[in-house]
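The values are calculated or read from the model by the stated rules, or taken from the named source; none is laboratory data. Keep in mind that what you see is a predicted model, and the values were worked out from it rather than measured. Glycine gets a Cβ as well: all are built from the backbone with ideal geometry, and neighbour counts include every protein chain shown. Ligands, DNA and RNA are stripped out before the accessible areas are found, and what is left, the full protein with its side chains, is counted by its heavy atoms. Shrake-Rupley method; radii C 1.70, N 1.55, O 1.52, S 1.80 Å.
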Amino acid sequence: MEAWTRDAALALTAVSTALALAACGQGGQSPSGGGNAPEIGLLLPDATTARWETQDRPLLEKKIRELCHECTVEHANAKGDVAVQQEQMDSLITKRVSAIVLVAVDARSLGTAVRKADNAHIPVIAYDRLAEGPISGYVSFDGQEVGRLQGTALLQAMGTRGHTPQIVMMNGDPSDPNAVAFKQGALSVLSGKVRIGESYDTLQWRAETANTNMSGAISALGVDHIDGVYAANDGLAAGSIAALKANKVHPLPPVTGQDAELAAVRRIIAGDQYMTVYKSFKPEASAGGAMAVAAARGQSLARFATGKVTPRDGRTVPAVLLTPVSVTAANVEDTLVKEGVYTTRQICTPQLGDACRKAGLT
Ligand code: BGC
């Protein structure tokens, strides 16, 4: 986002120092007067993207408990519904929780709820997605860099052809500021090098919508005229690939993704998806959990900052910004397996035996 000011060189040191400091933090007083056992609200946006419930939630809960034995976590998932998330925010405010970790379904619509929380002296940490309004801290990845990695990989996979390659763009939900940054980053490397045959914004990041849109794109452009697909995340990649296969597009064009979902990693090994972007879950959840505990204890979040961000209608707040990594079949082993995200056994189903050996996964 253009609002960043970042100091990349200090990023990793600052995060680990901040985490160590938070681990030594004292006291359990809630700034909102909730007593000695701080309650931290955790609001997740949807159940269609695997990462929120399978990676972020358990890692955040673990980190919070590690740093604060007496803390409890009140979790809710809005399942893509803005009104439901607004109610969940209201209910946490009424309960006077000590801090809220929020992944906003819709940044703008949640701004009023963020303001209400602020008026009730409940700090809100925007997790992964920037929320509008007076948040207290922010943890995420450089979204434009995610888009640049996707765009660069797509160009590489399409190689040089006798014609300007034609691509289809499956972008995320424009009410998510990340989706806007991913698209901007991707366009910054794709513009002038490809023809964009069709481009869609995908409300609520639904794979089914991407599936329908891809079928439409195939009808509009023709089965033999799609050289590549920019899919903003692995869910949209799954929906797009299913439509390409159903319409007998052969060979499959390279398709990008994001989130390093297990199903996507398997598609990458099988050759159905070209790449994904790995945004390491652990450091993001560690920073989010540490900020939440510190905020719940009424401590300043400034020490966590590797950068700063100014949300719309908000004040400038400390931000932790992490670096995304591009993953293709060539580096699954060196990234996801080495970091313990998945074991080779988890990735390599019996059908993937040969493909796994070829990718050096044994
Ligand atoms: C996240 C992505 C995720 C998408 C859909 C974005 O805000 O950064 O990791 O795939 O939301 O849930």
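Side notes on the structure shown:
- Looking across the stretch 223-279, the residues that are among the acidic types (Asp, Glu) and in contact with a Ser or Thr (Cβ under 8 Å, 6 or more places away or on another chain) come down to Asp234, Asp259, Glu261.
Every residue, every condition in (1) over 17 Å from the mean Cα position of the chain (by Cα); (2) aliphatic (A, V, I, L, M), yes or no:
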residue	(1), (2)
Ala126	no, yes
Gly143	no, no
Val168	yes, yes
Asp176	no, no
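- Residue check for Arg312: under 28 Å from Met169 (Cα atoms) and open to solvent by 40 Å² or more (accessible area, probe 1.4 Å): yes
- Among residues of the stretch 177-190 that are in contact (Cβ under 8 Å) with a residue 24 or more places away in the chain and under 18 Å from Val139 (Cβ atoms), those with a beta-carbon under 8 Å from a residue that is more than 12 Å from the ligand (Cβ to nearest atom) and among the charged types (D, E, K, R) at least six positions away or on a different chain give the pairs Ala179/Asp201.
- Test result for Gly239, out of contact with any strand residue (DSSP E or B) (no Cβ under 6 Å at 6 or more places or on another chain) and surrounded by fewer than 19 Cβ atoms within 10 Å (Cβ to Cβ): no
- Conditions (1) open to solvent by less than 10 Å² (accessible area, probe 1.4 Å); (2) without any contact (Cβ under 8 Å) to a residue 24 or more places away in the chain; (3) of a type in the set (S, T, N, Q); number of the one not met by Asn171: (2)
- Test for Leu130: is it in contact with a Pro (Cβ under 7 Å, 6 or more places away or on another chain), within 19 Å of Gln273 (Cα to Cα) and within 16 Å of the ligand (Cβ to nearest atom): no
- Subset of the stretch 280-306 [more than 28 Å from Glu70 (Cβ to Cβ) and either open to solvent by less than 10 Å² (accessible area, probe 1.4 Å) or of a type in the set (Val, Ile, Thr) (or both)]: Thr306
- Residue ID - nearest to Thr152 (Cα to Cα), chosen from residues in the stretch 324-341 that are out of contact with any strand residue (DSSP E or B) (no Cβ under 7 Å at 6 or more places or on another chain) and of a type in the set (Val, Ile, Thr): Thr328
- Flag if Ala263 is within 26 Å of Arg57 (Cα to Cα) and crowded, with 19+ Cβ neighbours inside 10 Å: no
- So Gly111, is it touching a helix residue (DSSP H, G or I) at 6+ places or on another chain (Cβ under 6 Å) and away from the ligand (no atom under 12 Å from the Cβ): no
- Residue check, Arg65 closer than 18 Å to Ile40 by Cα, in contact with a Gly (Cβ under 7 Å, 6 or more places away or on another chain) and open to solvent by 30 Å² or more (accessible area, probe 1.4 Å): no
- Every residue from the stretch 41-62 that is open to solvent by 50 Å² or more (accessible area, probe 1.4 Å) and assigned to a loop (DSSP other than H, G, I, E, B): Ala47, Thr48
- Of all residues in the stretch 175-198 being surrounded by fewer than 18 Cβ atoms within 10 Å (Cβ to Cβ) and polar (S, T, N, Q), the one that is nearest to the ligand (Cβ to nearest atom): Gln184
- Test result for His75, in a strand (DSSP E or B), modelled with pLDDT of 95 or more and on the phi < 0 side of the Ramachandran plot: yes
- Residue that is polar (S, T, N, Q) and within 16 Å of the ligand (Cβ to nearest atom), where the choices are Ser140, Ser136: Ser140
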